[in-house]
Every structure is written in structure tokens, then in C-alpha cells.
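A short worksheet on the structure shown next.
The values are calculated or read from the model by the stated rules, or taken from the named source; none is laboratory data. Everything numeric in this text was worked out from a predicted model, so none of it was measured. Virtual Cβ from ideal backbone geometry, glycine too; neighbours counted across all protein chains shown.
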Amino acid sequence: MDSLAIIQNKILDIRGQKVILDRDIAAMYGVETKVLKQAVRRNIERFPIDFMFELDAEEFENWRSQFVISNSDKMGLRHRPFAFTELGVAMLSSVLRTPTAIQVNMSIMRAFVAMRQMLTDAKANPIALLERKVEDLSKYVEDILTDVNEVNEDTRMQLDLINEAIAELQVKHRSCHDRKRIGFTAGD
């Protein structure tokens, strides 16, 4: 998985906003979460509610419940996390000025932009998005098989059958949309 995909997996939807939690950003920056939170608290005027917010008690419990851990206090789940929006991530670069933070910040910003572009593409053309996902999946499978160096003829034939089936599904899906509608219209 490339770094952009890893970052995109860390982007959550909370309160209808795309955000990254403080612990994930801290891990990417290579700092402790408490160090990140301290830096933000020292510069809190730079982080209005549309840049960063702290999860409320209910959101925190819902988030904590996703971790099936007997002692969540030892896993750093005692304090409600900060959730940073795209704007908040951009502002972090002025608070944490290490070279690592700057590079990670650019990667996170690219991930936000890529996700926004994917959502725009999906709304505009869901079939194109599906085709792109199928291509990505096919490439991923090919890469794995190439990396393993065990691509035998039987595996290659199975992959070809899968690719043919996907192509047939795409053709059938398109033909369903191209058929003439049945029934009465307003002009009849």
C-alpha cells in the first residue's frame, strides 16, 4: 500500500467533516500524541472549530468501542482526541516545524485533495470510478503475484478468467443503461 493510500485510510468522517485524529497525525510526524496536543494547546488561537475540534463524550465512546482492548487506558485511549480538518492539518505545519512534519504535512494535504477528487468523480461518473477501482484492484493483484514470483500458468489462466468476467459485467452494465425505456411517456 502506498503512503497516500495509508493516509487516506486514516481520514475519518466525523460531524460530516473529513478529519484525521491527533494520534494518527502524531504517528505520521514521529512524535508522541501528547507532544502534538501540547503544541496545539500552546497555539490554540490558530485552531478555530473549522480547523480542529475535540471529540465529545459520545463520539469518544463510539470511537473507543471500535478498539476491542481489555485495558484501553494503556493504549492511550483515556483522553478525547483532537480531530483535525484539512485546514487544521495545514495549520499544523506552522506549529510543528520539523522537516519530517513538513513532508508528512504535504502528503496529508495531497491525500485530502485526492479524496475530494475521488468524491467529485464518483458523483459525476460512478461507472468511471468503478472501472478505475477495478483497474487498481487488477494491478494490485498483478503486483502481488509478480512480487511472489510464483505466477504459474494455472494462476495466469484464473486471472484471465476473472478479468474476462469483469469485462463482461461492465459490458452488461453499460447495455442496461443503453436500452430504450419501456412504458408511456408524457408525449404519448
How many of the residues making up segment 7-41 are in a helix (DSSP H, G or I) and without any contact (Cβ under 8 Å) to a residue 12 or more places away in the chain? 7
Considering only residues of segment 45-89 that are modelled with pLDDT under 70 and part of a loop (DSSP other than H, G, I, E, B), which is nearest to K18 (Cα to Cα)? Q66
So which residues in segment 10-22 are surrounded by fewer than 19 Cβ atoms within 10 Å (Cβ to Cβ) and in contact with a Ser or Thr (Cβ under 6 Å, 6 or more places away or on another chain), if there are any at all? Q17
What tally of residues in segment 147-188 results from selecting those that are modelled with pLDDT under 65, hydroxyl-bearing (S, T, Y) and assigned to a helix (DSSP H, G or I)? 1
Are any residues in segment 48-57 closer than 15 Å to R80 by Cβ and over 23 Å from the mean Cα position of the chain (by Cα), and if so, which ones? A57
Hey, T33 hits all of (1) hydroxyl-bearing (S, T, Y); (2) over 27 Å from R116 (Cα atoms); (3) at pLDDT 90 or above but one; which does it fall short on? (2)
